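Scroll down for the structure; my scribbles are underneath it.
The values are calculated or read from the model by the stated rules, or taken from the named source; none is laboratory data. Keep in mind that this is a model prediction, so the values were computed, not measured. Neighbour counts are summed over all protein chains in view; Cβ atoms, including those assigned to glycine, are modelled from backbone coordinates with ideal geometry. Surface areas here come from the heavy atoms of the whole protein model, side chains and all, with no ligands, DNA or RNA. Shrake-Rupley method; radii C 1.70, N 1.55, O 1.52, S 1.80 Å.
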Amino acid sequence: MDVFLDPANRQAYLEGFLTILKLTGASALLALLLGVLLAACRVSPVPVLRALGAGWVHLFRNTPLTLIILFCFFGLYSAVGVEFSEDIHVNNYWLAVTGLSAYTAAFVCEAIRSGINTVPVGQAEAARALGLSFSQNLRLIILPQALRSVVAPLGSILIALTKNATIAGVIGVAEASSAMKALIESNGDQTIAIFAVFALTFVALLVPVGYAFSALANRLVVRR
Amino acid sequence: MSHEPLIVLDSVNKWFGDLHVLRDVSLTVDRGEVVVVIGPSGSGKSTLCRAVNRLETINSGSIRFDGKDLPAEGRALAKLRSEVGMVFQSFNLFAHMSILDNVMLGPVKVRGESKAVARERALALLDRVGIANQADKLPVQLSGGQQQRAAIARALAMQPKAMLFDEPTSALDPEMVGEVLEVMTSLAKEGMTMIVVTHEMGFARAAADRVAFMADGQLVEQAPPAEFFANPKSERARDFLSKVLQH
């Protein structure tokens, strides 16, 4: 384990996980917003919006995340010229966030859509009968109840996102798995130990997330 | 009572697939009138009631409310619905909101009233239906009868021109039916225009201005309650009454 006695190595390890947390935080927020919007599209009475929502889900849910992240770099950045920052590291970070968000939003959308299906049709009818518009109905009645019923699956999606953030390494973002690879390459005699430390760090970060979301799900569940 | 028609259904037809649920139904409800719709299950009573605020669309015929054809969709339809109170069999209170918030929602979000004004009226209405002390609870914490009274308060909060009741007591435990009917009876006495779909013959006798009897999607006959119950004209109504009244 003396690989982690070297401060430079500890630094690489810590920065790797800090980057994972940053990627996860930004992507989770964007994916949640986008996922809610996509779910709203998928249940809307406007055919174009429904098609847009369905198209997004089918495209991003069924494409490997590695491809999406690579596309963000070679397609969005190199070919199309989308640039978030002149600093290559910052730019790559946001390109990765873009790919992670687009991908994760598809799963968030489907979770919320299944949540919408758990809201009894009478809730929407009562809202319509009061004179609420479709968007008010969605915002005030249906989505609040739908979101509260899918807290647990959203937790699973967040956990998956945290692990998926390692794929940002393929476009040069210095996240945890890249740090691990670098450490193994220069400390071949301690491969198993290095693997174990990185794996257990993920487990230690994510087990509490699982428990927290279960507790939250119980607290927020809409009792009928 | 003035004979000023508020709700006018003219030759309304409705199919669910091959099932002809409303057959040429014509019914006029005057302002201030209470029409109780009775009939066997599956006779189209609920569909008729739900068609009046377009929760069910119709295939032919026309429905007019307050002199205007029902709007097909959009803002105009939402506005119409805000003027017609609806009470459902299964209450349908918003499960994630307190009783008070349920009653305030329409006035605040649809009418744009201030929260203070809406709150005051909501509390007065909850008091009127006898559940002011339940205002801060969630629907699930109330009994069925209390939930249905809250739902009536929610509909009244919009100060509707008419109220539709779709089997409001059918999902209630027997001991809670009375408290809901009591609220409905007092509304009827105050001159609210009401269409009430129900199996409560006692309510029909006591509160209705007119009883409309439906069977197999047709409005078979309509008459004041005393006349209808004493002397039903159609064979179908006689048969129905003999089954529901002999107990």
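Structure notes:
- Spin-label pair residue A:114-residue B:79: with each label point 7 Å from Cα along the Cα-Cβ axis, the two points sit 4.3 nm from one another.
- Average beta carbon contacts from partner chains per residue of B:153-166, 10 Å cutoff: 1
- Cα centre as origin, Lys/Arg/Asp/Glu Cβ charges: chain B dipole, Debye: 560 debye
- With every protein chain in place, the range A:2-220: carbon and sulfur % of accessible area (1.4 Å): 69 percent
- With every protein chain in place and a 1.4 angstrom probe, the accessible-area ranking of B:131, A:157, largest first, reads A:157, B:131.
- Using a cutoff of 8 angstrom between alpha carbon atoms and counting only pairs six or more residues apart, the relative contact order for chain A works out to 29 percent.
- Here's the picture: charge each Lys and Arg Cβ at +1 and each Asp and Glu Cβ at -1 in the range A:2-220, and of A:205, A:187, A:101 the one pushed furthest to the positive end of that dipole is A:101.
- Translational diffusion of the range B:106-247, estimated by Stokes-Einstein from the Kirkwood radius over alpha carbon pairs at 10 °C in a medium of 1.306 mPa s, is 94 µm² per second.
- Shape index of the protein assembly as shown: Rg/Rh, with Rg the Cα radius of gyration and Rh the Kirkwood radius from the inverse mean 1/r over Cα pairs, equals 1.15.
- Efficiency of FRET from Cβ geometry, residue B:64 and residue A:191, R₀ 60 Å, rounded to 0.05: 0.15
- Among B:14, A:163, B:68, B:161, the sequence by solvent-accessible area, most first, with a 1.4 Å probe is B:68, A:163, B:161, B:14.
- Using the 1.4 Å probe convention, the accessible area of chain B works out to 43 Å² per residue with neighbouring protein chains retained.
- Accessible area buried, both sides summed, chains A and B with 1.4 Å probe, Å²: 1900 Å²
- Of the residues B:134, A:75, B:12, the one whose Cα sits farthest toward the positive end of the charge dipole of the protein assembly as shown, with +1 on the Cβ of Lys and Arg and -1 on the Cβ of Asp and Glu, is B:12.
- Largest accessible area first, the residues A:10, A:128, B:149 order themselves as A:10, A:128, B:149 under a 1.4 Å probe with ligands, DNA and RNA left out.
- Selection from A:40, A:18, A:92, by position along the positive dipole direction of the protein assembly as shown (Cβ): A:40
- Ligands, DNA and RNA are left out, and with a 1.4 angstrom probe the accessible area of the range A:33-90 is 62 Å² per residue.
- Computed with a 1.4 Å probe over protein heavy atoms only, the accessible area of residue B:58 comes to about 40 Å².
- Members of B:14/B:109; B:79/B:189; B:45/B:233; B:14/B:45 lying beyond 24 Å, as alpha-carbon distances in this model show: B:14/B:109; B:79/B:189
- For the range A:210-224, putting each phi into the Karplus relation 6.51 cos²θ - 1.76 cosθ + 1.60 with θ = phi - 60° gives couplings of x, 5, 4, 5, 4, 5, 4, 4, 5, 6, 8, 3, 7, 7, 10 Hz, in residue order, rounded to whole numbers and with x for Gly and Pro.
- Rolled with a 1.4 Å probe across the full set of protein chains, the surface gives residue B:128 an accessible area near 90 Å².
- Here is the size of chain A from its Cα atoms: Rg then Dmax, 20.5, 71 Å.
- The range B:108-184 and the range B:198-218 have Cα centres spaced 23 Å apart.
- Given charges at beta-carbon only (K, R positive; D, E negative), |dipole| of the range A:2-220 in Debye: 1120 debye
- Area of residue B:8 that stays accessible when all protein chains are in place (1.4 Å probe, Å², to 10): 40 Å²
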